[in-house]
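The values are calculated or read from the model by the stated rules, or taken from the named source; none is laboratory data. Source: prediction; values computed, not measured. Methodologically, a virtual Cβ is constructed for each residue, glycine included, from the backbone with ideal geometry; neighbour enumeration extends over all protein chains shown. Protein only, heavy atoms only, side chains kept; ligands, DNA and RNA dropped before computing areas. Shrake-Rupley method; radii C 1.70, N 1.55, O 1.52, S 1.80 Å.
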Amino acid sequence: MISESSLADLRARNPVSDVAGKWVSLRRGSRKGRLIGPCPLHSPDPHAKDSTAFECWGDGWVCARCQDGGDVIRLVQLRERLGFREAVDWLGGAQETDPAEDERRARAAAERKAADDAKNAAFREAERKRCWEFWQGAGPLAGTPVEAYLREIRRVDWPDGAALRAHPAMPYLEHGQDEAGRTSWRLLHEGPAMLAAIAGPDGRMAGLHITWIDLDAPKGKLALVHPTTGEKLPAKKVRGSLAGGRIELLRAASPCRLFIGEGIETVLTVFTALRAAGRCLDGTAMWTSISLGNLAGKAADHSRVPHPSERTPAGRVKQVPGPEPDMDSAAVPVPDSVMDLRLLGDGDSDPFTTRLTMARAERRHMRQGRRVATCWPPAGHDFNSMVVA
Ligand SMILES: [Zn+2]
């Protein structure tokens, strides 16, 4: 058994950037204290200048392609195909540590964490204020390109009181750092956008979901290309914080029925269809969770399921998050008054993973006396693609 303190000591002697830096060329990332570059596990060219899949910091790493991450020991295990003990030896072996030194190190780590937390909280609060200012600079949808986008291109209507506004000239900003390590913002585009207010768990505005509109582009959404990298940029962005938040499209004070879907257009499609069918929507609320992860929350640690066909770039069976929810993770809170919860599935992403996520969402939000059901569009579709097709 190797003690936690000697493992901490081993990690401190072997920063991930030093170890990974022997295998690949890393460069400074846009987030402070982080290095990015090709991945030691999957990248064919260890010196590729444009690779951003792998990111590491003092004692951790993640790879977006491998969908893996952890500490330096895990990196060595995967790269060198070693067991845990062998990886520890590979890194120089565990050494007995001095209790006084352990305590000093634990204190320093706690102080660093407290400072980081304070800085993150200050950034979130500043971002929330900026979101509020953008929201104040936006107005009703009628007569704007946002109205044309929803009505003519997506063929949907929206409820009175929906948390949606149109901004005439919303800046599209890239968040980065200048040479001195200070936060910088670069303006990539400015134009009409649909703003949707994200209500946080406490009901206050926590952020904004933004969709830039270009009525001449396919599907009416801005097709923006990064001016230096040439990479296609998404027409939708979230600013501020999303965790545990929701966008309220159809509001009800103490709803007994609640529909939740991932996308604004999906939920508006269902709203438009139900209203056209003359269905009574009293006591019904309709929200979007912005992402399926935010609908279902994280999976419990032990809940992982092997994917039937997908493999990691290293050729191993991919493990995907399973159906057991981690109730401590953030997700959309469903009001106690809801007796009938309808989750709107999405047929256009990987069906296996999506079904697991929806099963997790059902378990998470199940209560005694509440009916929870997922509605699915036909394979390969979302609800909106059925009406615009
Ligand atoms: Zn990788």
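What the table below lists for this structure:
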| quantity | calculated |
| --- | --- |
| Unique residue being within 19 Å of the chain's Cα centre (by Cα) and buried (at least 19 other Cβ atoms within 10 Å of the Cβ) when the list is P333, P351, P323 | P323 |
| Check on V88, within 16 Å of the ligand (Cβ to nearest atom) and open to solvent by less than 90 Å² (accessible area, probe 1.4 Å) | no |
| Of all residues making up the range 59-74, the number that are within 10 Å of the ligand (Cβ to nearest atom) and touching a residue at least 24 places away in the same chain (Cβ under 8 Å) | 6 |
| Yes/no for A142 being modelled with pLDDT of 95 or more and within 20 Å of the chain's Cα centre (by Cα) | no |
| Matching entry among L258, L242, L250 (being under 15 Å from A196 (Cβ atoms) and at pLDDT 95 or above) | L250 |
| Residue that is nearest to the ligand (Cβ to nearest atom) [pool: residues in the range 25-58 that are more than 22 Å from R13 (Cα to Cα) and among the charged types (D, E, K, R)] | D45 |
| Filter pass, Q95 being open to solvent by 60 Å² or more (accessible area, probe 1.4 Å) and either out of contact with any strand residue (DSSP E or B) (no Cβ under 9 Å at 6 or more places or on another chain) or away from the ligand (no atom under 16 Å from the Cβ) (or both) | yes |
| Verdict on T312 being within 16 Å of the ligand (Cβ to nearest atom) and surrounded by 14 or more Cβ atoms within 10 Å (Cβ to Cβ) | yes |
| Residues located in the range 1-21, provided they are of a type in the set (D, E, K, R) and either within 16 Å of the ligand (Cβ to nearest atom) or open to solvent by less than 30 Å² (accessible area, probe 1.4 Å) (or both) | D9 |
| Only one of L78, L35 that is under 19 Å from Q319 (Cα atoms) and either open to solvent by 30 Å² or more (accessible area, probe 1.4 Å) or touching a residue at least 24 places away in the same chain (Cβ under 8 Å) (or both) | L78 |
| Where E248 falls short, out of the listed (1) farther than 22 Å from P140 by Cβ; (2) out of contact with any helix residue (DSSP H, G or I) (no Cβ under 9 Å at 6 or more places or on another chain) | (1) |
| Selection count where residues are surrounded by fewer than 16 Cβ atoms within 10 Å (Cβ to Cβ) and aliphatic (A, V, I, L, M), scope the range 226-242 | 0 |
| Flag for W185 being under 30 Å from G29 (Cα atoms) and of a type in the set (F, W, Y) | yes |
| Test: residue in the range 209-227 that is basic (K, R) and in contact with a helix residue (DSSP H, G or I) (Cβ under 6 Å, 6 or more places away or on another chain) | no |
| Listing of strands (runs of 3 or more DSSP E) fully contained in the range 273-363 that carry 3 or more residues being touching a strand residue (DSSP E or B) at 6+ places or on another chain (Cβ under 9 Å) and either aliphatic (A, V, I, L, M) or modelled with pLDDT under 90 (or both) | 304-311, 317-321, 340-344 |
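So that you can scan it fast, the table gives a plain yes or no per residue for (1) part of a helix (DSSP H, G or I); (2) at pLDDT 95 or above:
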| residue | (1), (2) |
| --- | --- |
| E133 | yes, yes |
| E147 | yes, yes |
| D157 | no, yes |
| G176 | no, no |
| G181 | no, no |
| A196 | no, yes |
| W212 | no, yes |
